[in-house]
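All of the numbers you see were taken from the coordinates with simple rules; none came from a lab. What you see is a predicted model, and the numbers here were worked out from it, not measured in a lab. All Cβ positions, glycine included, derive from the backbone under ideal geometry; neighbour counts span all protein chains shown.
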Amino acid sequence: MFNTQNFEVAIIGGGMVGLATAIGLAQEGIKTVVIDASETQAVTGETRLRVSAVNKASTNLLKNLGAWEHINESRAGHYDTMHVWTKDGLGSIDFNAKEQNESILGNIIENDNISHALAIRASELAELTHIQNQRVGNIAFGDKETWISLNSGENLTASVVIAADGANSWVREQCKIPLTFWDYDHHAIVANIRTEVAHNNCARQVFLADGPLAFLPLNEPDLCSIVWSVPPEKAKALQSMETEAFNKALTAAFDGKLGLCELESANPAFPLRMRYARQFAQHRLILAGDAAHTIHPLAGQGVNLGFLDAASIIETLSELKQDNQDLGEYRNLRPLERWRKAEAAEMIASMEGLKRLFEGSNPIKKAIRDLGLNLVNHISPLKSIFAKHALGQKLKTPKLCK
């Protein structure tokens, strides 16, 4: 028989957001357990397809958590400039790190590289227990605590549970928390691309009539990660092409900005959906990351929004502990819920507005978006606001992200 282990916080989901939250809580002296369905391993070989554009706020978080030093930086890329333009249009905008008094604008890092760095840091903390290759079999929420049983037969209790188990969250389903959601009617093709011209550490994005195409600079001067958002039928057509035909289509779509593009990997496609949980918290429960929200990838802000969740949860729960308050009492979690819901809703609305503005080939819309991009590009205060948003510098930034 297993003895019941008691924790202050139990986090279900050992991805980037779950581990980051756990580390921050443990650093604050909060006894925390992470239940991870898989095992985190070092990244080797070819560059993984799943990468994230990690902005300044998220980089600061990883550094303050002590995880940044464990990232394999030889596998990471960075960008110090950004170039955005419209296909067959006259509008464009450029951002430069020096204009913002920054050395870089962001880092492009494989998700598995980040997760492994976080797992190493987690293993160094006495207040953190990282259970890997285990799933939750049952969960029950009581008035004073939550009971969790694992498939191994082990039992745990916690004052509050954090669901960080992804877009198809099992915990959210068990708690019957409804979702607001819609299908973007787009699939994102992701791939690693070898380019004829060096990327020069510039992140590029072109808005096509049927969706955006982004090239993110990786750790080699001629290697980029792409995210190509297209309608489902076009995604199937592109995937069914011979490699040479796909390369030509990609090069043409990207206006030949980096010369001939050559597929370096598989090119899977993933359906894009917006999800927004009706509740981000309830008695003894907090939703974080994709379990609470998913957004369109056109600005690469998904992981950064999740890391903001992590930092906000750490800040809120550590303050509650310092004040000897119940970590799982819903009334104590309401300010956190309002904070995170408002920020997620703002991001979702922004992404939807951008998507609608830049899709289609209506000449009036094209004129408006070309004018808008050019205006922002030439008006320093406006451009600075956009740049600060991309860097993650917000009016209410969690302490760990500063």
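May I ask you to evaluate 6.51 cos²θ - 1.76 cosθ + 1.60, the Karplus curve with θ = phi - 60°, for each residue of region 61-77 and list the ³J(HN,Hα) values in order in whole Hz, giving x for glycine and proline?
Taking θ as phi minus 60°, the curve returns 4, 4, 5, 5, 7, x, 9, 4, 5, 9, 6, 6, 5, 5, 9, 9, x Hz for region 61-77.
Report Rg/Rh for region 14-91, rounded to two decimals, where Rg is the Cα radius of gyration and Rh the Kirkwood radius. Write out the running numbers ahead of the final one.
Working: Rg = 16.9 Å, Rh = 15.5 Å.
That ratio equals 1.09.
Under the 0.36 nm per residue contour assumption, what length would be gained going from the current alpha-carbon distance of Glu329 and Arg194 to full extension?
Working: separation 135, 0.36 × 135 = 48.60 nm, distance 5.19 nm.
Here the segment from Glu329 to Arg194 would lengthen by 43.4 nm.
Return the equivalent ellipsoid semi-axes of region 115-268 as a descending list in whole Å, where each equals the square root of 5 times an eigenvalue of the C-alpha gyration tensor. Write out the running numbers ahead of the final one.
Values: eigenvalues 368, 87, 35 Å².
Working from the Cα gyration tensor, I get semi-axes of 43, 21, 13 Å.
Under the Karplus relation 6.51 cos²θ - 1.76 cosθ + 1.60, θ = phi - 60°, what is the ordered set of whole-Hz ³J(HN,Hα) values for region 224-230, x standing for Gly and Pro?
Each residue's phi maps through the Karplus curve to give 10, 9, 10, 10, 10, 8, 9 Hz.
What are the residues whose amide H is under 5 Å from the amide H of Thr129, where those residues sit 5 or more places off or on another chain and H is modelled from the backbone?
For Thr129, the qualifying residues are Thr32, Val33, Val34.
Using Cα centres only, tell me the gap between region 141-160 and region 4-70 in whole Å.
If we compute the Cα centre of each part, the gap is 21 Å.
Between the helical axis of 16-27 and the dominant principal axis of the chain, each derived from Cα atoms, what acute angle in degrees is found, rounded to the nearest 10?
Orientation of helix 16-27: about 50 degrees from the principal axis.
Sequence gap at least 6, Cα distance under 8 Å: using those rules, report the relative contact order of region 21-172 to the nearest whole percent.
Numbers: 224 pairs, mean separation 44.6, N = 152.
Relative contact order, region 21-172: 29 percent.
Go through region 117-130 residue by residue and turn each phi into a ³J(HN,Hα) via Karplus (6.51, -1.76, 1.60, θ = phi - 60°); whole Hz please, and just put x for glycine and proline.
Here the 3J(HN,Hα) series is 4, 5, 5, 4, 4, 4, 5, 8, 9, 5, 7, 10, 10, 10 Hz.
Can you give the relative contact order of region 249-340 as a percent, counting alpha carbon pairs under 8 Å and 6+ residues apart?
Working: 72 pairs, mean separation 23.3, N = 92.
About 25 percent, as a whole number.
Along the three principal axes, how long is region 184-271 when you take its alpha carbons, biggest first, rounded to the nearest angstrom?
Rounded to whole Å, the extents work out to 33, 25, 21 Å.
For the pairs Lys63/Lys87; Lys56/Lys341; Lys87/Lys236; Lys87/Lys341; Lys87/Lys248; Lys87/Lys234, flag any whose C-alpha to C-alpha distance is greater than 27 Å.
Numbers: Lys63/Lys87 38 Å; Lys56/Lys341 22 Å; Lys87/Lys236 22 Å; Lys87/Lys341 34 Å; Lys87/Lys248 16 Å; Lys87/Lys234 17 Å.
The answer is Lys63/Lys87; Lys87/Lys341.
Treating only the Cβ atoms of Lys and Arg (+1) and Asp and Glu (-1) as charged, compute the dipole magnitude of region 25-80 about its Cα centre; round to the nearest 20 debye.
On the way: 6 positive and 7 negative charges, 24 e Å.
Charge dipole of region 25-80: 120 debye, to the nearest 20.
How big is the Cα convex hull of the chain in projection, averaged over all directions, in nm²?
Working: hull surface 78.7 nm².
Its Cα hull, projected and averaged over all orientations, spans 19.7 nm².
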